[in-house]
Structure formats: structure tokens, C-alpha cells
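The values are calculated or read from the model by the stated rules, or taken from the named source; none is laboratory data. Since the structure is predicted, the reported quantities are computational estimates derived from the model, not experimental observations. Don't worry about glycine lacking a Cβ; one is built from the backbone with ideal geometry, like all the others, and counts go over all protein chains shown. Remember, those area values only see protein heavy atoms, side chains included, never the ligands or the DNA or RNA. Shrake-Rupley method; radii C 1.70, N 1.55, O 1.52, S 1.80 Å.
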Amino acid sequence: MILYNVTTSLDPEIADQWVAYMRDTHMPEVMETGFFLKTQLCRLLNEEDDGITYAAQYYCVSLEQLEEYQQVAAPALRTEIEKHFGGRYASFRTMLEIVG
């Protein structure tokens with residue numbers, strides 16, 4: 001199993017709006033693509049500076065499935081987030097293999 005983790009640091013002024021968008025719109029749209037089995041949204045507790053950081057986590061069966069998602073569906077979904085919150089967040093993505 002593969003865990004696709006998107007860590008996002010936010011401007012505190014948009015945090016509540018961003019969380020609502022993720023829960024109500026973005027994460028359901030990601031799940032509708034059919035590439036993932038489950039998802040969860042976590043808030044980092046050991047934040048530094050004045051930012052607020054979240055980790056959106058998506059579980060899929062294989063690395064190939066994740067790579068297909070990144071090619072087929074991710075660009076349009078990322079564009080939508082940028083339309084709503086452009087310039088007020090920074091994200092980085094990691095792919096992890098679940099080993100136990």
C-alpha cells in the first residue's frame with residue numbers, strides 16, 4: 001500500500017476556509033477519481049513560526065496507481081486549489097510505502 005502525503009503550510013488567516021474547502025470539496029473530488037481507498041486530514045502539532053500546517057493523506061494500492069493519478073487527475077485539482085488560495089500556502093508532496 002502507498003501513502004501519498006501532501007503537507008501544506010498556510011497563512012493563518014485562511015486556515016479555517018482552507019480546511020473547509022479540503023473537507024467539503026477537494027478531498028471528496030480526489031476520492032471520486034477512483035485512485036484512492038481512503039483519505040484523512042491531519043494538523044501538525046509541532047508547528048514552527050506563525051504558520052499552520054496540515055497533512056492531507058491519501059492511500060492507494062500501488063505506486064503505479066499513484067503515478068497515474070498524478071498524470072491524469074492531479075493537475076486539474078491543483079489548479080482549483082490555486083484559484084481559491086493562490087499565494088497563501090506552500091505544499092510539498094511525499095510518497096511513502098506502508099511496510100507494517
Query raised in the report: Do we find a residue being under 13 Å from the mean Cα position of the chain (by Cα) and surrounded by 14 or more Cβ atoms within 10 Å (Cβ to Cβ) anywhere in the range 42-51?
Result: no
Requested in this report: Say whether the condition of being charged (D, E, K, R) and in contact with a helix residue (DSSP H, G or I) (Cβ under 7 Å, 6 or more places away or on another chain) is met by at least one residue in the range 51-73.
Outcome: no
Report summary line: Counting only residues in the range 16-26 that are open to solvent by less than 50 Å² (accessible area, probe 1.4 Å) and in contact with a helix residue (DSSP H, G or I) (Cβ under 9 Å, 6 or more places away or on another chain), the one farthest from A76 (Cα to Cα) is identified as W18
Report summary line: Exactly one of E13, E64 is open to solvent by 70 Å² or more (accessible area, probe 1.4 Å), without any contact (Cβ under 8 Å) to a residue 24 or more places away in the chain and either at positive phi or more than 14 Å from the chain's Cα centre (by Cα) (or both), and that residue is E64
Report summary line: Of the residues in the range 74-100, those that are free of Cβ contacts under 8 Å to residues at least 60 places away in the same chain, farther than 16 Å from V19 by Cα and open to solvent by 100 Å² or more (accessible area, probe 1.4 Å) come to V99, G100
Query raised in the report: Based on what the data block shows, is Q71 over 21 Å from I2 (Cα atoms), of a type outside the set (D, E) and open to solvent by 80 Å² or more (accessible area, probe 1.4 Å)?
Result: no
